[in-house]
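Okay, so here's the structure we're looking at.
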Amino acid sequence: MLLAARTSSTSYVVLTTLLFATSELASGCGGTQVADKPDPGMNSSATGGAGPVKVTPVPNMPSMTPAVGKPLKPAAEGTIDCVPTSVAAAVPKMGHVLHVAMNGLDTNDGAEATPLKTVAKSAEVALPGDTVLVHEGIYRGRVAPARGGVAGMPITYMAEPGKKVVLKGSDVWTPTWTSPSDGIFTAVPDPALFTDSSQIDGPNPLLIRQSGYPAGYTLGQVYVDGERMVQVQAGPDILMRPGTWHYDPTDQSISVHFPDGKAPTTSLVELTTQRRVFAPHLRGLGYITLSGFTIEHCANQYPGGFYNSNAFAEQQAGMVGTRSGNHWIIENNIIRSAQSLGIDSGSESEVRGKMDIEGVDQTDFRTTDGHIIRGNFIGDNGTNGMMQFRGVGITITNNVFARNNWLDPPGAAEVAAIKVHMSTGLQITGNLFIDNNATGAYLDSNNRGARIGANTFVGNRQGVFVELGPSTPTLVDDNVLVGNIANGIYVHDGATSQLVHNLITQTVGSDQYGASAEGYFLRKVTDRVKSTPNNIAVNSIFLNNDGGSISLPYPGAGSVNNLTDYNVYLEKTPAILNVNIFTPFAQYDTGTLAAAVFADLGPAQPASAASFRHLVSAVGLTLEEWRAFWLVHNESHDMHSITSPAMTAALDRKTWKLALNVDFDPASVGAQIVPGVVSDFFGAMIPQDGKAKPGPFQNVVQGANEFVVMKCMN
């Protein structure tokens with residue numbers, strides 16, 4: 001009735017300040033006909049502050065039996081070290097404003113004095129040009145926009161400026177509890193709690209097995225006073241550790257070992273009940289803005305098989321889902337604590353001409369393009385912060401991606417803070433990637449014209465991963481990479497990656513990940529490609545990377561026409577430069593490889609094999625040996641590069657100030673001119689006459705320098 005009454009108005013033809021972190025965490029999202037339910041109270045506590053130098057998340061692996069004192073999740077989970085700065089929110093001056101408030105009624109007209117009660121109801125009636133202004137409170141359930149806007153007249157969903165507005169996929173759970181053991185409480189959820197009948201695999205996440213895990217792991221989540229309880233496979237496991245829970249399919253009960261000093265009578269218990277939080281049922285909606293919310297708790301599946309045309313339930317279904325839409329703006333939100341994926345921003349899957357994840361054929365839709373994702377905190381999601389498949393012209397800028405992939409599915413290949421396939425014109429710029437238990441930015445398979453530029457990567461499993469690059473260059477430029485684990489930048493089975501003007505320092509290595517801490521590691525690992533040609537790493541600074549600065553494949557089928565030059569290497573670093581071997585030539589063990597390298601060097605060969613790399617078949621060389629080795633193979637590498645005896649870099653994670661002490665004249669190194677690389681980390685112009693300075697800062701000088709690499713509101 002409300003929609004019908006308003007369509008006669010010709011005016012219908014056709015962001016908010018982020019708040020400091022609370023300790024509330026992951027759970028469930030979705031719902032077809034059921035509206036979001038306003039919550040009677042906030043019941044949250046502020047937490048925050050700088051994390052440790054590196055939080056290495058301990059995954060909740062199926063084989064792990066909890067032991068007293070053994071961590072089962074990231075120590076800093078729920079904290080927010082940095083809220084990105086953003087432009088002050090303002091209600092758009094077009095269309096009508098539909099107010100939503102916890103004291104409203106869904107039979108109201110949405111005026112300020114007579115607000116609606118649920119965001120879901122506003123999503124049913126909002127028209128192009130309208131703004132849905134949601135007032136302070138917690139709203140539970142799925143919001144599924146019924147329509148999109150049009151160019152110049154988007155539909156805007158906006159949190160009340162300066163207020164905390166939360167969209168949750170969980171419900172407050174107050175069952176009848178029994179207590180078979182001290183601290184352990186058991187109850188049976190009412191099936192009526194689970195309302196998202198749209199999902200192809202059913203509404204109840206407790207009945208759905210977690211992809212990649214053995215029986216006993218479900219998509220459900222339980223929270224006690226905002227803290228995520230860790231799911232364990234077997235019932236007896238909860239006896240050994242507070243803060244765990246288990247679902248028993250025989251009697252459909254949940255047993256929770258409450259944290260010390262807590263009990264159901266004195267705590268807020270939340271149970272994930274929804275499969276998604278903000279996602280249309282219709283695919284292909286355009287021109288929607290989502291601004292200023294905290295969005296959390298979502299029981300979605302890890303999309304590890306999205307590329308399989310028969311894996312209907314493993315499509316990319318984010319807690320926030322653009323659902324193959326176009327021209328969305330997702331800005332200034334806190335998006336956290338999904339069971340798997342935070343945001344989907346592409347075409348979702350390879351399923352075509354068949355059922356999509358909601359069980360219907362919605363495969364005919366326009367190109368997924370034009371999204372802007374900016375100013376968000378995207379963290380503590382079970383697998384990915386964001387995924388994109390086949391997107392065009394999408395911009396991801398000024399976001400913080402933190403501690404994603406606590407679930408860490410065994411053998412998972414699709415996990416990263418951002419994982420992208422087959423995009424065109426993707427721009428990932430100005431973001432902070434911190435402590436992700438995965439790669440920060442992972443471009444996999446035929447991304448064309450992509451740029452990863454002016455970002456900061458700190459404490460991730462890897463900083464950047466480029467795989468299967470096409471003839472169109474992938475540009476990785478002017479980034480700051482500090483203290484990442486496996487590698488700073490890793491390229492395998494890739495071509496035409498351009499690594500330019502980066503600073504890569506303090507890569508630390510890890511036996512757990514089988515990685516030896518190179519700053520840049522190029523490798524051929526499969527027969528999907530004949531070679532890894534035309535990759536360049538130039539104009540960059542490599543400092544104190546434990547496994548050496550650069551590692552390239554032994555020349556031949558695995559390495560053709562690659563280039564490294566005009567770089568700065570710290571001469572104290574052992575094994576400054578590495579020659580590695582790759583899977584198709586695995587018959588060369590390290591000793592055999594070393595013999596070949598030493599024979600190539602002739603009189604210049606190293607005195608001993610002390611520079612053999614740990615965990616990787618590679619041989620480390622000094623800069624002089626490296627140059628001589630490549631000249632034997634008719635290639636010139638690093639002929640203009642230099643070594644620095646004492647350059648240092650240190651990042652303060654509280655202030656985000658990077659101290660860079662330079663012991664040489666940066667203007668004296670020279671530079672490789674790379675078309676398209678025109679601005680540095682701060683947007684200053686890069687000289688195009690071969691006189692650009694190495695690294696991401698063109699205003700760097702000899703001596704002491706200080707750069708703020710991320711601007712935060714808190």
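Got a sec? Which of Leu426, Leu432 is modelled with pLDDT of 95 or more, open to solvent by less than 10 Å² (accessible area, probe 1.4 Å) and within 12 Å of the chain's Cα centre (by Cα)?
Leu432
Among residues belonging to the stretch 592-641 that are assigned to a loop (DSSP other than H, G, I, E, B), modelled with pLDDT of 70 or more and among the hydroxyl-bearing types (Ser, Thr, Tyr), point out the one that is least open to solvent (accessible area, probe 1.4 Å). Step by step, filter the stretch 592-641, then rank; the result is Ser641.
Only residues that are in a strand (DSSP E or B) and more than 30 Å from Phe664 (Cα to Cα): list them for the stretch 495-538, please. Give the derivation first.
Residues of the stretch 495-538 in a strand (DSSP E or B): 497-500, 503-505, 510, 515, 518-523, 536-538.
Residues satisfying the conditions are Ser510, Ala515, Arg523.
Being outside any strand (DSSP E or B), among the β-branched types (Val, Ile, Thr) and surrounded by 24 or more Cβ atoms within 10 Å (Cβ to Cβ) is the filter here, so list the residues in the stretch 464-494 that pass it. Within the stretch 464-494, no residue meets the criteria. Would you please list the contacts, defined by Cβ atoms under 6 Å and residues six or more apart or on different chains, that run from a residue in the stretch 642-667 that is farther than 10 Å from Leu570 by Cβ and surrounded by 20 or more Cβ atoms within 10 Å (Cβ to Cβ) to a residue that is aromatic (Phe, Trp, Tyr) and at pLDDT 95 or above? So the pair list comes out as Leu658/Phe707. Scanning the stretch 376-390 for residues that are buried (at least 24 other Cβ atoms within 10 Å of the Cβ) and in a loop (DSSP other than H, G, I, E, B) yields a total of 7.
For the stretch 539-567, filtering for residues that are modelled with pLDDT of 95 or more, crowded, with 24+ Cβ neighbours inside 10 Å and not in a loop (DSSP other than H, G, I, E, B) leaves 3.
Of the residues Val701, Val674, which single one is farther than 24 Å from Asn562 by Cα, in a loop (DSSP other than H, G, I, E, B) and at pLDDT 95 or above?
On the way: Val674 fails: farther than 24 Å from Asn562 by Cα.
Step by step, each of Val701, Val674 is checked, and only Val701 is farther than 24 Å from Asn562 by Cα, in a loop (DSSP other than H, G, I, E, B) and at pLDDT 95 or above.
Residues that are modelled with pLDDT under 95, part of a loop (DSSP other than H, G, I, E, B), among the small types (Gly, Ala, Ser) and surrounded by 24 or more Cβ atoms within 10 Å (Cβ to Cβ) do not occur anywhere in the stretch 401-420. Applying the condition of being at pLDDT 80 or above and either closer than 18 Å to Thr648 by Cα or in a loop (DSSP other than H, G, I, E, B) (or both) to the stretch 568-591 and asking which residue is most open to solvent (accessible area, probe 1.4 Å) yields Glu571.
Out of curiosity, is Asp182 closer than 30 Å to Gly359 by Cα, open to solvent by 10 Å² or more (accessible area, probe 1.4 Å) and among the acidic types (Asp, Glu)? Step through it out loud before you land on a result.
Working: closer than 30 Å to Gly359 by Cα: no; open to solvent by 10 Å² or more (accessible area, probe 1.4 Å): yes; among the acidic types (Asp, Glu): yes.
Judged against the criteria, Asp182 is not a match.
The values are calculated or read from the model by the stated rules, or taken from the named source; none is laboratory data. Computed from a prediction, not measured in an experiment: that's the story for all the values here. Note that we place each Cβ from the backbone using ideal geometry, even for glycine, and neighbour counts take in every protein chain shown. Just so you know, the surface numbers come from the protein's heavy atoms only, side chains and all, with ligands and any DNA or RNA stripped out. Shrake-Rupley method; radii C 1.70, N 1.55, O 1.52, S 1.80 Å.
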